Structures are given as structure tokens and as C-alpha cells.
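Working notes for the structure below.
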Amino acid sequence: MIAPSNGSKYRAIVDTHRHPVGAGLRDKMAEAGLFDPKKPFPQTNAQDFVAYRDFLDLDYGVSKQREGGVTLSIASNGGEVDWISGMLKVSTVDALKFLYDEGLEIKDRFPGEFELMANAHALEESCLPIVEEMIGKGGAKAIAISSSYGDGTDRVFLDSPKAEWLWEYAEANDIVVHVHPPMVALGHESLMQYRLNEEIGRPFDSTVTAARMIGSGVFDRHPKLQVLIVHLGGGLTSTIGRLDFNWHLNYNGVANPPAGRAYTNKRKPSEYCKTNILVDGMGFSALGLRAAIEMCGVDRVVFGSDYGAVPYGIKEHVQIVEDVLTSQADRDLVLWKTSNRIFRLGLPDTDPVTSAPVTAGP
């Protein structure tokens with residue numbers, strides 16, 4: 001095999017969880033007081049927004065992703081759409097247009113190194129024309145959304161009927177939906193110390209929405225739907241057995257079960273992890289990656305670093321894949337081959353110079 005120009009020992013590494021910030025969004029964040037461009041990084045503010053150079057200096061960030069061996073990043077801001085529209089003080093649709101234009105600029109600036117996701121608000125069908133344009137004209141490879149919207153008793157998850165337009169469109173067009181937790185997650189009121197909103201709140205938010213999607217029958221109504229839940233699927237690996245157990249119990253034998261509380265899914269919750277749910281490996285945990293592979297199958301786990309917002313993790317996550325998987329074929333599935341298939345990236349399965357099958361190894 002001819003080694004990639006960045007020196008990676010792999011044919012390709014596709015990062016499916018990348019948050020690049022272009023010049024336009026960077027300027028808007030500075031105007032909003034989220035960081036001071038005149039001060040050194042890292043820095044934070046009263047809202048505990050932690051700003052890193054990796055996140056806000058795109059040239060620097062791209063140099064680091066190259067050093068980590070990444071050959072292609074798929075960019076998304078779907079989990080942050082509410083937050084970004086609020087910061088910009090514009091409608092959701094206008095925020096999506098802003099992100100669309102910036103994504104195209106980033107893609108043009110670094111040719112061959114970025115693909116895009118179509119950011120969307122899962123509960124607002126008015127997003128559909130922008131999504132269609134990003135996929136049809138902009139070449140977006142997935143639809144990126146948040147795992148929940150709103151706050152407190154008004155927080156809404158992805159089992160809401162308002163999200164049906166999205167599931168119908170994604171299933172009909174065979175396009176993956178990338179689910180990322182919001183900036184301020186479920187339970188944040190108790191999690192604003194020690195960065196627990198990031199560490200626990202966001203994965204918890206994703207876990208709750210996945211469980212609600214399963215329990216409400218989303219995947220029964222849309223059997224071909226594919227969703228990718230970041231951060232190792234949140235806490236699914238440690239709770240999937242409990243979901244199976246409670247689905248088995250349900251409200252069987254209860255004379256008057258509470259309306260809207262019973263499971264409506266037709267199969268065990270764990271079975272949807274083998275057919276409808278994919279996860280990325282972002283979690284800094286070999287134990288977590290092993291559990292995710294056990295839960296979903298090695299062909300349903302993809303590489304994701306959360307790089308940019310998180311100022312390290314590319315090399316570390318590659319190392320975890322190498323530590324957990326001894327088979328080169330399995331490593332290739334996680335690092336690029338599954339992503340190549342589900343996002344329809346068009347990367348060749350053979351060496352582009354020799355046309356021989358790819359057999360790269362460590």
C-alpha cells in the first residue's frame with residue numbers, strides 16, 4: 001500500500017464527529033463575548049464556555065487532524081443549532097443558511113479534507129428545504145440534529161411526533177441521521193460543576209432520546225431508518241439490558257396502565273442496536289469501545305473524535321481502536337470502511353496506485 005501523504009499507516013481514517021469553526025462563526029462568537037480573540041487560549045467565561053485554539057483557529061485545527069492521521073472529516077453542528085441561532089439572534093432557518101454557507105467555505109478552503117452534514121432542527125419541518133438543498137446541491141452526507149430541544153419541563157426529545165417529517169425523509173432517501181446532544185443537556189441544573197454537563201449530562205441526554213425513540217416505536221414505523229448516536233451511544237451500553245428487562249415487564253398484568261407510558265416497540269430494545277442504531281467511538285475508553293462493539297457489532301461502530309471542541313482525542317482514539325481490535329479488517333471497518341458505506345463517501349476499497357486490495361497494517 002502507498003502510505004497517505006500525512007504519514008498515516010492506514011489507507012484512510014474518516015472522522016465522523018468533527019466541529020470546525022469558520023471565520024464567520026468565530027467572529028460571531030467573539031462578538032457575543034464567548035471568548036476574547038486578543039487573549040491566549042484556553043480561556044473561559046461566566047457561562048463556563050471553554051474556548052480552545054483547536055476549536056477557534058481552523059488552520060491550527062486542520063494541522064492537528066492531519067498529524068493524527070485523519071484523511072477526511074465530516075463536519076456537523078447539528079447539536080448546536082438552537083444555541084447558534086440564539087447567539088446569532090436569527091431564526092432557525094437563517095442559522096442553517098449561515099452554517100451551510102460557512103460549511104461550503106470550509107470545504108472549499110481545504111479541498112478533499114472535509115465533507116458536510118446537513119444541519120437541521122428535528123422538530124421544525126421548515127428546515128426541510130435547506131436540508132434538501134444541502135444534500136442535493138451541497139453534497140451533504142448525513143443530517144445532523146440535537147438529541148433534545150428546550151429546557152426544563154419544556155424539553156422535547158426525538159420521540160416527538162414533530163420529528164416524523166425527519167424520519168420519513170431520512171428513511172426514504174437512505175441517509176443517516178447524526179444525533180448529538182445539545183450544549184445545555186438534560187439535568188444541567190445539577191451538573192455545572194467539574195464540567196459534568198459535558199461528561200455526564202450530554203451522554204445522558206443522548207441515552208434518554210435513544211430509549212424514547214425505541215420505546216415509542218420510531219424504528220418499527222421506520223424500519224430502514226439509520227441513526228448514529230455519538231459518544232459511544234451515550235450510556236446505552238450500560239443500560240441496554242435494563243431497557244430489555246423493562247420492555248419484557250412493560251405494564252403486563254396491570255389493569256389500567258398509565259396512558260402513554262407503556263412500551264410500544266415490537267422487538268427487544270437491544271435488537272434495534274443491531275439494525276437501526278450506530279454509534280461512534282468517542283469516549284476515551286477501551287472498555288466503552290468494547291461494549292459498543294458488543295452492543296452494535298463491529299460494522300456499526302465508526303471513528304469519531306469530537307475534535308475542535310475537544311482539544312485532543314484523534315491520536316488517542318486511533319490508539320484505542322488499535323488496542324481493542326487486533327484484526328486489521330475490523331480496524332478498517334471502524335476507522336473508515338463503515339463510514340465509507342453509510343455516508344456513501346466513494347472512497348476506493350483498493351489502493352489508488354496499484355489497484356491492489358487494501359491490506360494496510362500497523
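Brief remarks follow.
- Residue that is farthest from residue 303 (Cα to Cα) [pool: residues in segment 151-183 that are in a helix (DSSP H, G or I), of a type outside the set (A, V, I, L, M) and under 19 Å from the mean Cα position of the chain (by Cα)]: 169
- Extreme residue, modelled with the lowest pLDDT, among residues of segment 184-202 that are surrounded by fewer than 19 Cβ atoms within 10 Å (Cβ to Cβ) and part of a loop (DSSP other than H, G, I, E, B): 187
- The residue of segment 312-343 that is nearest to residue 72 (Cα to Cα), among those that are not in a helix (DSSP H, G or I) and not β-branched (Val, Ile, Thr), is 343.
- Scanning segment 236-284 for residues that are touching a Cys at 6+ places or on another chain (Cβ under 8 Å) and touching a residue at least 60 places away in the same chain (Cβ under 8 Å) yields 277, 278.
- Options 144, 163, 170; residue that is within 28 Å of residue 62 (Cβ to Cβ) and among the aliphatic types (A, V, I, L, M): 144
- Considering only residues in segment 109-130 that are in contact (Cβ under 8 Å) with a residue 60 or more places away in the chain and of a type in the set (A, V, I, L, M, F, W, C), the one that is surrounded by the fewest Cβ atoms within 10 Å (Cβ to Cβ) turns out to be 114.
- Search result, residues across segment 131-149 that are free of Cβ contacts under 8 Å to residues at least 40 places away in the same chain and open to solvent by 40 Å² or more (accessible area, probe 1.4 Å): 132, 133, 136, 137
- The residues of segment 261-270 that are assigned to a loop (DSSP other than H, G, I, E, B) and either open to solvent by 90 Å² or more (accessible area, probe 1.4 Å) or closer than 16 Å to residue 221 by Cβ (or both), listed by number, are 261, 263, 264, 265, 266, 267.
- Check on residue 48, open to solvent by 20 Å² or more (accessible area, probe 1.4 Å), more than 20 Å from residue 317 (Cβ to Cβ) and modelled with pLDDT under 90: yes
- Residue check for residue 27: on the phi < 0 side of the Ramachandran plot and in contact with a helix residue (DSSP H, G or I) (Cβ under 9 Å, 6 or more places away or on another chain): no
- Looking only at segment 271-327, and only at residues there that are among the small types (Gly, Ala, Ser) and under 15 Å from residue 228 (Cα atoms), the one that is surrounded by the fewest Cβ atoms within 10 Å (Cβ to Cβ): 297
The values are calculated or read from the model by the stated rules, or taken from the named source; none is laboratory data. Note that the coordinates shown come from a computational prediction; the quantities given were computed from them, not determined experimentally. Cβ: placed from backbone, ideal geometry, glycine included. Neighbour counts: every protein chain shown. Keep in mind that these areas ignore ligands, DNA and RNA; they rest on the heavy atoms of the full protein, side chains included. Shrake-Rupley method; radii C 1.70, N 1.55, O 1.52, S 1.80 Å.
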